[in-house]
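The values are calculated or read from the model by the stated rules, or taken from the named source; none is laboratory data. Since the model is a prediction, treat every value here as computed from it, not as a measurement. Note that we place each Cβ from the backbone using ideal geometry, even for glycine, and neighbour counts take in every protein chain shown. Note: accessible area is taken over every heavy atom of the protein model, side chains too, but ligands, DNA and RNA are not part of it. Shrake-Rupley method; radii C 1.70, N 1.55, O 1.52, S 1.80 Å.
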Amino acid sequence: MSISTTPAPAAKVAPILRLGAPLISFFLLQSAISLIILAFLGRLGTATVAGIGVSGALYGVVLALLYGFDTGVQALVSRATGAGRRDLIGQIIAEAQIVSVPLGIALTAVVWTLAPTLMAGVIHDRAAASAGAAYLQSGALSLALLALTIPINAAWIASGRPGISFLVSAITAPIQIGLTFMLVFGAGAIPALGINGAGWANVLSCVAGALLQYGLIARLQLVTTWKPPTLDGALRIVAIGWPVSLQQSFQNFGLMVAFVIVAQIGVAGTAVINVLINLTTAPIQCAAGLSVAAATLVGQALGRGNPAEARTWGWRTVGINLALTAPLGLFAAISPHPLLAIFLHDPATLALADLPARILGLTVVADTTRSVLAFAFRGAGATKIAAGILFAGLWLVELPLIWWVALKLGQGVLGVIEVQATIAVSEALLLAWLWRTSIWTLRPEGSGASLAGAKRIAILGGGGAGKSTLARRLGASLQLPVTHLDRLVYGPGWTRRAPGDVAAALTAELEDTVGWIVEGTYYETSAVTLPRADVVLWLDQPTSRRLYRCWRKVRDHRGKPRADRPDDCEEAFGWTYASSVLTFGRWSGRLERQLSAAAAGTVVRVWGDRGIRRLLADAGVQPQVSLAPIRRAATGEVRGSGGPGRSVACP
């Protein structure tokens, strides 16, 4: 599938812009604040700019440890809101804060104490190390304040009011900018504090943000009831969020390692890298907003059981990203000097930054496309694909190459940017190629199926997948008759009936029935069921699980009747049966295309027992201890079967 740059109709891009625009605005505001403050501090000299870059990387590693509370609160508040339990929001916030605030205080103490040592270990220029340490120490208290407000900010977003988060940022942004200018350079009776002033301005703006957040909580009634927090609730938030904290902290640690390498080039090179990173934040923040929109729309499309629509949303978001970020990159590539001169005032340092800035401008589209596609994979539930590629690219390729090219080959700053640009282009192309394939549809988080209004359901899959059990449970819940194809396809002694006779018998059985559930995977019946079914479910279980269940089924029901097995047929678990389970039943891109072409209704892959549980819950079926209980009663109501291992794939 090719990526078209032609503007899509408004109806096709409106959902992306509706979701992405508020987030883009929020992220761009944060980017603008960083650039303005960096422009102020650039007047203090090249060493200060270099020191701020290194200290910012260190601060990011520590701050990322608090990001998990954002994730945990968002997950729980969104669930509470969806369940109509807004009275739980205050308790969830408090449960997050009883862990986040002590952690924030501890991080403040660690940064305050270790800032000089850490800075001296990363960068050897004394002036740069001193400036970075001063900024970290004076701004360390902001970590404790952010630990207080991060859960509140997450609650606003999860409760459906993300605009409040933007409002808080819009109000505190000018406060931070004004305080930074006054405290750094002095104003009237306020003495000039230099780099320390920037850190204290950050702290004071966080104080203003905290006061504003609590004022809005009361005025806009985010919290209607304050309930005492519980230890179990706090541990639940930690359990949800700690993987995110770890992943983000590790990612920022990679940036710090890059600064350690760059610092060996010299203070001017470190300053240039810091400025270039900040200049690329604008297109990156645009991509960040679009990335969240892509993840949401892709996930929703897969939730409707439509991988083709999900793939289209990914490409459309890439196209909008191209339209937004390409002009910014082109401007930087053609004329970077006016932008660089805002932050770098030394002529030699300006000259050093010129060519690297042009290269970054030419590759900014690849960098942002990489971000959008990575989030699209996350929305598809294929988090390992994006995380694995980006992790391997950073730690196994990019950082070693930066060290080798920049230091060992003596390419300096230009070598660093060349490596980063090459990795960005390579990863964007790899992610785009993978997005064209069906690999990201092979292991979704759950079923993604909705049976609302479905009256005709076809259940397919390999032996041992659980087709018969699922059919019976859905039939009982939805009050629909169930047909087990094994009983139509085979006669006594596993004698295979003629395909035409099987199709005719099935057609006659379904002809006068308004609704039905048919389970089984046979070529001769697919032409009857697939064009008529409202929903086609393919049960995809791990091969080892299916093999074990088939063996257990034969062991436990030898000589006993089963409702889904033909009369006068006995199963023996031998090599023929086992080999059919091993070679048939797994989902694939080819199978997806075949089913989609043959079926008139929605085709959904249901992955594992978790997917089946979600499917049954969606249908209102009460949970039971096991998805496939062994019932030894004379009724013969037992697990599903795939027949004697002679099933063939649908066309």
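Laid out as a table, the results:
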read-out: Test result for ILE171, of a type in the set (Val, Ile, Thr) and either assigned to a loop (DSSP other than H, G, I, E, B) or in contact (Cβ under 8 Å) with a residue 60 or more places away in the chain (or both); value: no
read-out: Condition check for PRO481: at pLDDT 90 or above and open to solvent by 20 Å² or more (accessible area, probe 1.4 Å); value: yes
read-out: Extreme residue, farthest from PRO542 (Cα to Cα), among residues of the range 609-626 that are at pLDDT 80 or above and of a type in the set (A, V, I, L, M); value: LEU616
read-out: Which numbered condition GLY84 misses (of (1) open to solvent by 10 Å² or more (accessible area, probe 1.4 Å); (2) farther than 23 Å from GLY194 by Cα; (3) touching a Leu at 6+ places or on another chain (Cβ under 7 Å)); value: (3)
read-out: Lone qualifier among ILE150, ILE123 - being open to solvent by less than 50 Å² (accessible area, probe 1.4 Å), within 23 Å of the chain's Cα centre (by Cα), under 30 Å from ALA50 (Cβ atoms) and in contact (Cβ under 8 Å) with a residue 40 or more places away in the chain; value: ILE150
read-out: Scan of the range 184-207 for residues that are surrounded by 17 or more Cβ atoms within 10 Å (Cβ to Cβ), more than 14 Å from PHE40 (Cα to Cα) and among the small types (Gly, Ala, Ser), ordered by number; value: SER205
read-out: Tabulated pairs, the range 34-52, first modelled with pLDDT of 90 or more, second of a type in the set (Lys, Arg) and surrounded by fewer than 19 Cβ atoms within 10 Å (Cβ to Cβ), C-beta under 9 angstrom, 6+ apart or interchain; value: ALA47/ARG126
read-out: Residue selected from the range 235-274 under the condition open to solvent by 50 Å² or more (accessible area, probe 1.4 Å) and outside any helix (DSSP H, G or I), by the criterion nearest to VAL122 (Cα to Cα); value: GLN264
read-out: Unique residue being more than 15 Å from ALA432 (Cα to Cα), in contact (Cβ under 8 Å) with a residue 24 or more places away in the chain and among the small types (Gly, Ala, Ser) when the list is ALA310, ALA353, ALA382, ALA341; value: ALA353
read-out: Tabulated pairs, the range 503-531, first over 12 Å from VAL482 (Cα atoms), second assigned to a loop (DSSP other than H, G, I, E, B) and open to solvent by less than 10 Å² (accessible area, probe 1.4 Å), C-beta under 6 angstrom, 6+ apart or interchain; value: SER526/CYS650
read-out: Selected residue (only one of ALA287, ALA295, ALA351 is surrounded by fewer than 17 Cβ atoms within 10 Å (Cβ to Cβ) and in a helix (DSSP H, G or I)); value: ALA351
read-out: Matching residues in the range 602-620 - criterion: being under 15 Å from GLY462 (Cα atoms), assigned to a strand (DSSP E or B) and open to solvent by 10 Å² or more (accessible area, probe 1.4 Å); value: ARG605, TRP607
read-out: Qualifying positions in the range 320-348 - open to solvent by less than 30 Å² (accessible area, probe 1.4 Å) and not in a helix (DSSP H, G or I); value: PRO336, LEU344
read-out: Which numbered condition LYS227 fails, given (1) part of a helix (DSSP H, G or I); (2) charged (D, E, K, R); (3) touching a residue at least 60 places away in the same chain (Cβ under 8 Å); value: (1)
read-out: Elements of type helices (runs of 4 or more DSSP H) contained in the range 490-592, each with 2 or more residues being within 17 Å of GLY466 (Cα to Cα), of a type in the set (Ser, Thr, Tyr) and open to solvent by 70 Å² or more (accessible area, probe 1.4 Å); value: 543-557
read-out: Options ALA366, ALA376, ALA326: the member that is over 28 Å from ALA39 (Cα atoms) and of a type in the set (Gly, Ala, Ser); value: ALA376
read-out: Test: SER4 is modelled with pLDDT under 80 and either among the aliphatic types (A, V, I, L, M) or open to solvent by 40 Å² or more (accessible area, probe 1.4 Å) (or both); value: yes
read-out: Checking ILE240 against (1) at pLDDT 85 or above; (2) at negative phi, the condition it does not meet; value: (1)
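Rundown of residues vs (1) closer than 16 Å to PHE27 by Cα; (2) modelled with pLDDT of 85 or more, yes/no style:
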{"residue": "SER159", "(1), (2)": "no, no"}
{"residue": "VAL168", "(1), (2)": "yes, yes"}
{"residue": "ALA189", "(1), (2)": "no, yes"}
{"residue": "LEU193", "(1), (2)": "no, yes"}
